[in-house]
Structures are given as structure tokens and as C-alpha cells.
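Have a look at the structure below before the remarks.
The values are calculated or read from the model by the stated rules, or taken from the named source; none is laboratory data. No experiment lies behind these values; they were computed from the predicted model shown. Positions of Cβ are generated from backbone atoms using ideal geometry, with glycine treated the same way; all protein chains shown enter the neighbour counts. The accessibility values were calculated without ligands, DNA or RNA, using every heavy atom of the protein model including side chains. Shrake-Rupley method; radii C 1.70, N 1.55, O 1.52, S 1.80 Å.
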Amino acid sequence: EYSNPLPQLLDEPRFCKVSWGIKWIIQPFEMFKGNFLIWLAVSVILFAISIIGSYVPIIDYIFGATSIIAAAIIILICSAQFQNEDLDLHQLWVKLKTNLRSLIILNILFVVGLAVVFIPVLIFFSGISLTLLLDIEAIKISDFPMTPFVFSILVSLVLFLMLSMAMWFAPALIVLHGLDPKSAMKLSLKGYLANILPMIAYGLGLIIVLLFFLKITLGLGIIIAVPWVIMNCYISYRDVLTDQPLSIV
């Protein structure tokens, strides 16, 4: 229990313990128990949308284009639960609407960022295609330019990791603190880089726990996978960027 009713942003990101990365994975189970019906409903809705989207492409495109907004909604539910607030859909909509423009801009920046990530690989394959067009015998399997290919893949991978770091805390910073998209992405990147070791522990632990969970639930655990990961975003945001960390106890 914190005396301050709302988490306040720190001047500088907190350097968290490596073990906190594992706590970010485990704590959502307590959240599920605390509001089981609500989280079950959220999980089923998201899963149903993904299933329908696999058969109706337009639904899939719309869901992909609004994924940041969906994440923001889940973050607002997380915040209400930890602040012991009743989930009021009207209040949730008011909070979302206040920052809707920034969330849409963030979503656009994310899509543009994904396009930029693949530019090095596209440049490489464009060069290969042009060479083949000019001279079909110019490139043989044995002469495939492996070094430029690996370099382009590595550049794209680094760009993707940087984009992921900049996006990790950004929805929470916008919807809970009213930051603009640029400031939210910069602070998210700064907070992520300051806690790279806990984040590595989190990533490795998530893969192990998720595979085990999917196995014991015969694959049905996939229904809660998306809300679970976004809960991880919220918990790690509280630990890294606010004066009210959740993993300290």
C-alpha cells in the first residue's frame, strides 16, 4: 500500500535487480486471480478477434492498426486494479479518449518504424535482384554475398530491438501520464537500456514459462498470452519509471 494515490514518474529510471525480471512474469498470475472474470473476458475478446482476423483480413488489418490502443486499454485496467478502483467503463473511456490522439500517433510511428526496420534487408535484396536482371549468370549459389546479407540482417535486428525498447513503456507513459509520443518513446528507450539485464532475464524467463504453460494447458494458455505480456509491460513500467515499484516486496 502506497500513501501516494497515483504513481509519479521518477527523474531518472530506476536500476532494477535482475531477479525483478522474473517477477514481471509471475505477478500477472496474481492479477488474474484478483479480477479473474474481467481478465478472462479481455483474453477471450482478444483471442476471438485474432481468430476472426485470420479469416477476415480487414479485421486483422484493423486490429493490427489499433494494437497500441488495445494495449493502452489493458494498461488502464491494470492501473485500476492496483489502485483498488472499480472498473468503470465510462471513466476508462474518458482516460483513453483524453490521450487517443497521442496513442494513434504512437501507433503510426510504430508502423513506420517497422517499415524502416526492414529497409537494410530490402536494399540488399533489391541489389541482388538488379544484378540478376542485368546478368543472370552474375550470381551463383557458391558466390552468394553472405557477408552483406548477414550485415543487413544484423542491422535490421538492431533497429527492431531499438524500436521494441522505445515502444515497451510508451503506451503506459502516454495513457497514465499524458506524455507526448516522442517523449514517451525516448523515456521508454532510456528506461529499457538502464535495465537491460533484468529485461534479458525477463525475455528468457518468459519463453520458458510460456512454453511450459502452453504445454500443461494443452495450448489453451495462448488465450491469455497477449494480456499477460501487456501486464508485464505495466508491472515493469511501475518498477523502472515510477516511485511505486511493485516488485520491491
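Kindly indicate whether Glu12 is over 21 Å from the mean Cα position of the chain (by Cα) and either at pLDDT 85 or above or of a type in the set (Lys, Arg) (or both).
Details: over 21 Å from the mean Cα position of the chain (by Cα): yes; either at pLDDT 85 or above or of a type in the set (Lys, Arg) (or both): yes.
Yes.
With respect to the conditions (1) within 20 Å of the chain's Cα centre (by Cα); (2) modelled with pLDDT under 80; (3) not in a helix (DSSP H, G or I), Ser3 falls short on a single one, namely (1). Is it fair to say Phe125 is surrounded by fewer than 15 Cβ atoms within 10 Å (Cβ to Cβ), modelled with pLDDT of 80 or more and closer than 30 Å to Ser152 by Cα? No: the conditions fail for Phe125.
Filtering segment 1-37 to residues that are among the aliphatic types (A, V, I, L, M) and open to solvent by 50 Å² or more (accessible area, probe 1.4 Å) leaves Leu6, Leu9, Leu10, Val18, Ile22, Ile26, Leu37.
So which of Tyr237, Tyr192, Tyr202 is over 20 Å from Ala72 (Cα atoms) and of a type in the set (Ser, Thr, Tyr)? Steps first, answer last, please.
Values: Tyr237 fails: over 20 Å from Ala72 (Cα atoms); Tyr192 fails: over 20 Å from Ala72 (Cα atoms).
Exactly one residue qualifies, and that residue is Tyr202.
Inside segment 78-103, can you point out the residues that are out of contact with any helix residue (DSSP H, G or I) (no Cβ under 9 Å at 6 or more places or on another chain), without any contact (Cβ under 8 Å) to a residue 60 or more places away in the chain and not aromatic (Phe, Trp, Tyr)? Spell out the reasoning first.
We begin by selecting, within segment 78-103, every residue out of contact with any helix residue (DSSP H, G or I) (no Cβ under 9 Å at 6 or more places or on another chain); these are 83-84, 89-90, 93-94, 97, 101.
Those still in the list that are without any contact (Cβ under 8 Å) to a residue 60 or more places away in the chain too: 84, 89-90, 93-94, 97, 101.
Of everything in segment 78-103, those that are out of contact with any helix residue (DSSP H, G or I) (no Cβ under 9 Å at 6 or more places or on another chain), without any contact (Cβ under 8 Å) to a residue 60 or more places away in the chain and not aromatic (Phe, Trp, Tyr) turn out to be Asn84, Leu89, His90, Val94, Lys97, Arg101.
With respect to the stated conditions, Ser236 fails to be of a type in the set (Ser, Thr, Tyr) and either out of contact with any helix residue (DSSP H, G or I) (no Cβ under 8 Å at 6 or more places or on another chain) or free of Cβ contacts under 8 Å to residues at least 40 places away in the same chain (or both). Among the residues making up segment 68-112, those that are loosely packed, with under 15 Cβ neighbours inside 10 Å and in a helix (DSSP H, G or I) are Leu89, His90, Gln91, Trp93, Val94, Lys97, Thr98, Arg101, Ile108, Val111, Val112.
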